[in-house]
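The values are calculated or read from the model by the stated rules, or taken from the named source; none is laboratory data. The structure displayed is predicted, hence computed values, not measured ones. As a convention, Cβ positions derive from the backbone with ideal geometry for all residues, glycine included, and neighbour counts pool all protein chains shown. Just the protein is used for accessible areas: all its heavy atoms, side chains included, with ligands, DNA and RNA removed. Shrake-Rupley method; radii C 1.70, N 1.55, O 1.52, S 1.80 Å.
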Amino acid sequence: MEEIKKKLFAAEDAHKEWFEEISRTVFQHPELGDREFFSSQYLADEMRKAGFRVEKPYCGMETAFRCELGEAGEGPTVAFLAEYDALPGYGPNGDQNGHACGHNWIAASTFAACVALKELKEQVGFPGRIVYMGTPAEETTSGKITLIDRGAFRDIDAVYQMHLGETNRVDSAALAMTILQFEFFGLAAHAAGAPEKGINALDGCILTFNGINALRQHVTSDVRIHGIIKDGGKACNIVPDHALMEIYVRAADKNYLETVIEKVCNCARGASLMTGARVEVTRDKYTTYDIRNNPLLVKLLVENLHSLGITPLPTADPLRTAGSTDIGNVSYEVPTCYTYMGTIEAGAGPARTHEAAFLDVADSDIAHRLLHQGAKAMAASALDLYLRPELVAELKKTKYPL
């Protein structure tokens with residue numbers, strides 16, 4: 001196995017410049033979710049050049065794609081997930097998109113893992129399919145949820161993806177999350193001349209926030225509730241007859257999240273009773289789940305990271321810096337490993353993802369070095385599955401119940 005992995009790593013080394021160009025090109029074309037027209041086509045075209053079969057659009061999604069090599073039924077199918085949507089709000093005027101979350105790096109590292117495995121498959125032959133799946137709009141409409149609903153993962157045995165972060169983290173976590181909107185409808189009146197005739201919709205929002213703040217004492221410490229008022233009235237001397245607020249609700253367990261959601265909605269219903277303003281509650285159709293990293297896949301990745309000299313791999317409180325991501329939903333559908341490569345540990349400055357300073361990290365020389373290390377570790381972990389059928393049999397026993 002050691003000798004075979006040396007050949008795998010040599011295959012990745014042979015195309016270093018190509019993989020770095022993949023990262024750079026996506027980085028230079030930042031597009032928002034579901035509008036990644038250039039990036040998705042570019043990645044699919046590059047995969048076609050590498051000899052993969054390409055399906056695009058995929059599952060009825062214009063910027064999703066699936067590229068694969070190998071035949072079904074000949075061994076396990078391992079998927080490497082690409083993300084390539086960017087974030088808004090950067091540049092001197094805050095009007096530019098940017099890859100401050102490093103999705104260009106994700107696209108390139110999973111691309112590199114697939115191509116390295118393809119090269120090795122041609123050299124030594126091993127059973128199984130290699131899948132490179134393009135998953136749009138992680139930051140916005142959670143494209144992986146749509147892909148799940150449309151059956152994209154039904155024939156997948158294992159999923160790997162890595163992400164840039166401040167520190168190495170194999171015990172990664174994500175909070176289950178949904179978005180709520182509370183829209184209050186009141187009655188306008190002159191705020192000084194006839195306030196008694198008005199019904200204040202803005203008070204509905206304010207009292208909802210107050211209720212949520214009182215609720216914080218009575219939920220578990222992993223819960224996060226945060227939001228904004230998107231419409232609070234038009235003029236100070238008019239009692240607001242309309243107000244709109246948006247709330248993100250997160251929890252470490254998707255089932256407990258439902259309990260918290262009901263409590264938060266009750267805060268809005270109570271505010272409606274107190275003010276007399278009618279409230280309409282709208283829940284986003286997408287709910288992202290917490291991540292259930294598969295222990296076997298994590299174990300394989302840790303072993304391969306160690307063999308590449310990637311240390312330390314500390315165990316810390318995984319929820320301390322956890323956000324939310326749609327790969328959590330994938331982890332309930334198919335055994336999944338989602339981990340972080342540390343930029344600070346590799347020598348970068350103290351920049352967090354989503355910060356403007358991370359734009360100087362996401363396609364840097366340091367990021368490129370981590371790209372190759374991460375790609376090799378993911379590819380080697382998949383190779384363990386391709387060459388050891390007993391591991392795949394064990395994986396098939398570990399699907400998390402919804």
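If you check 38, 9, 65, 27 for being in contact with a His (Cβ under 7 Å, 6 or more places away or on another chain) and buried (at least 18 other Cβ atoms within 10 Å of the Cβ), only one passes: 27.
Please determine whether any residue of region 300-313 is farther than 30 Å from residue 76 by Cβ, outside any loop (DSSP other than H, G, I, E, B) and touching a residue at least 60 places away in the same chain (Cβ under 8 Å). Checked against the condition, which is being farther than 30 Å from residue 76 by Cβ, outside any loop (DSSP other than H, G, I, E, B) and touching a residue at least 60 places away in the same chain (Cβ under 8 Å), region 300-313 yields no hits at all. Kindly indicate whether residue 207 is in contact (Cβ under 8 Å) with a residue 60 or more places away in the chain, touching a strand residue (DSSP E or B) at 6+ places or on another chain (Cβ under 7 Å) and not in a strand (DSSP E or B). So residue 207 does not fit the description; no. Looking only at residues in region 103-130 that are of a type outside the set (S, T, N, Q) and touching a Ser or Thr at 6+ places or on another chain (Cβ under 6 Å), the one that is surrounded by the fewest Cβ atoms within 10 Å (Cβ to Cβ) is 129.
Entry remark, region 225-263: residues being among the hydrophobic types (A, V, I, L, M, F, W, C) and in a helix (DSSP H, G or I) number 3 in total.
Based on this model, can you work out whether residue 86 counts as aliphatic (A, V, I, L, M), closer than 20 Å to residue 339 by Cα, touching a Pro at 6+ places or on another chain (Cβ under 7 Å) and touching a residue at least 40 places away in the same chain (Cβ under 8 Å)? Considered against the rule, which asks whether it is aliphatic (A, V, I, L, M), closer than 20 Å to residue 339 by Cα, touching a Pro at 6+ places or on another chain (Cβ under 7 Å) and touching a residue at least 40 places away in the same chain (Cβ under 8 Å), residue 86 comes out as yes. The number of residues in region 350-365 being over 19 Å from residue 111 (Cβ atoms) and assigned to a helix (DSSP H, G or I) comes to 5. Restricted to region 219-277, and to residues there that are free of Cβ contacts under 8 Å to residues at least 12 places away in the same chain and under 21 Å from residue 172 (Cα atoms), the residue that is surrounded by the fewest Cβ atoms within 10 Å (Cβ to Cβ) is 221.
May I ask you to verify whether residue 192 is open to solvent by less than 20 Å² (accessible area, probe 1.4 Å) and not in a strand (DSSP E or B)? Answer is no for this residue.
For region 133-159, the tally of residues that are over 21 Å from residue 363 (Cα atoms) and in a strand (DSSP E or B) stands at 3.
Residue 325 passes every criterion in (1) in contact (Cβ under 8 Å) with a residue 24 or more places away in the chain; (2) surrounded by fewer than 24 Cβ atoms within 10 Å (Cβ to Cβ); (3) of a type outside the set (Lys, Arg); (4) part of a loop (DSSP other than H, G, I, E, B) apart from (2). Whenever a residue of region 177-202 is at positive phi, it has no partner that is open to solvent by 20 Å² or more (accessible area, probe 1.4 Å) lying with C-beta atoms less than 9 angstrom away and at least six residues away or across chains. Of the residues that make up region 253-273, is at least one of a type in the set (A, V, I, L, M), farther than 29 Å from residue 332 by Cα and touching a helix residue (DSSP H, G or I) at 6+ places or on another chain (Cβ under 6 Å)? For region 253-273, residues of a type in the set (A, V, I, L, M), farther than 29 Å from residue 332 by Cα and touching a helix residue (DSSP H, G or I) at 6+ places or on another chain (Cβ under 6 Å): present. Within region 136-161, the set of residues being hydroxyl-bearing (Ser, Thr, Tyr) and closer than 23 Å to residue 296 by Cβ comprises 160 only. Does region 74-99 hold any residues that are open to solvent by 40 Å² or more (accessible area, probe 1.4 Å), touching a Gly at 6+ places or on another chain (Cβ under 9 Å) and among the polar types (S, T, N, Q), and which are they? Correct list: 96, 97.
Which is of a type outside the set (A, V, I, L, M) and open to solvent by 10 Å² or more (accessible area, probe 1.4 Å), of 161, 181?
Among 161, 181, only 181 is of a type outside the set (A, V, I, L, M) and open to solvent by 10 Å² or more (accessible area, probe 1.4 Å).
Inside region 141-157, residues that are among the charged types (D, E, K, R), open to solvent by less than 10 Å² (accessible area, probe 1.4 Å) and more than 14 Å from the chain's Cα centre (by Cα) make up a count of 0.
Checking each residue in region 328-355 for being under 19 Å from residue 138 (Cα atoms) and open to solvent by 60 Å² or more (accessible area, probe 1.4 Å) picks out 352, 354, 355.
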